[in-house]
Structure formats: C-alpha cells, structure tokens
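Take a look at the structure set out below.
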Amino acid sequence: MTDYKKITIIVLSALIVALVVRYAPRLFLPSPSRPILFVENPLLFEDNKWLHVSTGFSVLLFYLKQLIWPSTLLFYYGYDMIPVVNFANAEVIASMVIHAGLLALAVYYFRKKPIISFAVLFYFISIAMYANMVKPVMGIVADRFLFVPVLSLSLVLAYLIMKAVKAPLYKPKAPLPKKNV
C-alpha cells in the first residue's frame, strides 16, 4: 500500500468514528433538554446584555474569592446567591479593577516572566465560559467550574515557592557537540 492510501484509510476511519461518537447517543438516549428555571440563573430571562456583563464581573469576583479562600463551598448556589447587578455596584467595579490589573500583569510579564503571564491568561481562558457574560450557564455559579482555573493559581504558587527557595526554574541545556566538517 502506498502512503497516500494509508493516510486516506486512517482519515476516513477517524471521520467515521467521530461521526458515530457524535450521533450514536441520540439514537439511544433521551433528549437532554429540560425546562429552564428562573431560580437556576436569572440571567436566562434577562434581555439587557449590559446586565449580563456587569453580573458577569460580579461572578468573576466570586470565583476569584473562591480560588483564593474557598471557605464557603456549597452544593447548590440557589436563587439570589449572585444577584443581577449593574455597573454601579461596588463589587462589579472592584472586579473590573482587579481583572484589569491581572490582565495588565499578564501583558507586563509576557516577556520577563512567561510563567506568570501564562498562568493569568490560562485563568482568563478557562473561567471565561462560566462568567455568564456571553451566554448564561445553568446555575449562575458553581464550585465545579473552578476545577480547571485552579491550575493557574497552583502554577503561580509553585513559581513563587521555587523563587523563594531559589530553585532553578529551567534545567540548563547541555551544549551541543561541535561537528567537525
């Protein structure tokens, strides 16, 4: 067999497997739709996009507090745990300032300390889908949404500990042998 035929067989096999994995559950499982309740996320019934963004900043502050000091972990965050607020709210303003500072920190350390920059940007990317700004999620907040973003905090803490004990961050590369040409 030629390489072209092998590649074609592999690509077609992968495509068939992907299609089966994507559509086969619909044949055997019930529909995943269910009624959406106001108590789960009041933003689902709010048309004003600016309220989504301002409440999203309030949610981001809640998540940041949970990352730093997870003292109030709950099974369910019910109605009015995070109220729908506008930009005049003090928590929203504080969250905007803190997150703008984190973004400025990531940009500032982009070349100097890429680990810090990566950790901050990873936090933003991993928490963005749960901030309720673009699309509301089921349950306005949930501790389970912090499962991946906590890795960024762990990375920063590990970096700071290694700096405190003056451990080398990077393994020095061995010099390449010189070729005699």
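The values are calculated or read from the model by the stated rules, or taken from the named source; none is laboratory data. This one's a predicted model, so the numbers in the text were calculated from it and none came from an experiment. Please note: Cβ atoms are built from the backbone with ideal geometry, for glycine as well, and neighbour counts cover all protein chains shown. Heads up: the accessible areas ignore ligands, DNA and RNA and are worked out on the full protein's heavy atoms, side chains in. Shrake-Rupley method; radii C 1.70, N 1.55, O 1.52, S 1.80 Å.
For this structure, a couple of remarks:
- Residue within segment 30-40 that is closer than 23 Å to Ile125 by Cα and surrounded by 14 or more Cβ atoms within 10 Å (Cβ to Cβ) present: no
- Residues in segment 92-114 that are within 18 Å of the chain's Cα centre (by Cα) and among the hydroxyl-bearing types (Ser, Thr, Tyr): Ser95 alone.
- Filter result (open to solvent by 20 Å² or more (accessible area, probe 1.4 Å) and hydrophobic (A, V, I, L, M, F, W, C)) within segment 41-60: Leu44, Phe45, Trp50, Leu51, Val53, Phe57
- Condition met for Val148 (outside any helix (DSSP H, G or I), β-branched (Val, Ile, Thr) and open to solvent by less than 60 Å² (accessible area, probe 1.4 Å)): no
- Verdict on Lys65 being in a helix (DSSP H, G or I), within 18 Å of Arg144 (Cα to Cα) and not small (Gly, Ala, Ser): yes
- Meets criteria (over 13 Å from the mean Cα position of the chain (by Cα), assigned to a helix (DSSP H, G or I) and either closer than 30 Å to Gly78 by Cβ or not charged (D, E, K, R) (or both)) for Val120: no
- Residue pairs whose Cβ atoms lie under 9 Å apart, sitting 6 or more positions apart in sequence or on different chains, and linking a residue in segment 16-41 that is under 25 Å from Pro83 (Cα atoms) to a partner that is in a helix (DSSP H, G or I), are Ile36/Leu44; Ile36/Phe45; Leu37/Leu44; Phe38/Leu44; Phe38/Phe45.
- Among the candidates Phe75, Phe110, residue that is open to solvent by 70 Å² or more (accessible area, probe 1.4 Å) and closer than 30 Å to Lys163 by Cα: Phe110
- Qualifying residue in segment 124-134 (condition: assigned to a loop (DSSP other than H, G, I, E, B), among the β-branched types (Val, Ile, Thr), open to solvent by less than 70 Å² (accessible area, probe 1.4 Å) and closer than 25 Å to Asn86 by Cβ): no
- Single match in Leu105, Leu160, Leu155 (criterion: more than 19 Å from Gly56 (Cβ to Cβ) and either touching a residue at least 24 places away in the same chain (Cβ under 8 Å) or surrounded by 16 or more Cβ atoms within 10 Å (Cβ to Cβ) (or both)): Leu155
- Restricting segment 79-102 to residues that are open to solvent by less than 60 Å² (accessible area, probe 1.4 Å) and assigned to a loop (DSSP other than H, G, I, E, B), the residue that is nearest to Ile161 (Cα to Cα): Ile82
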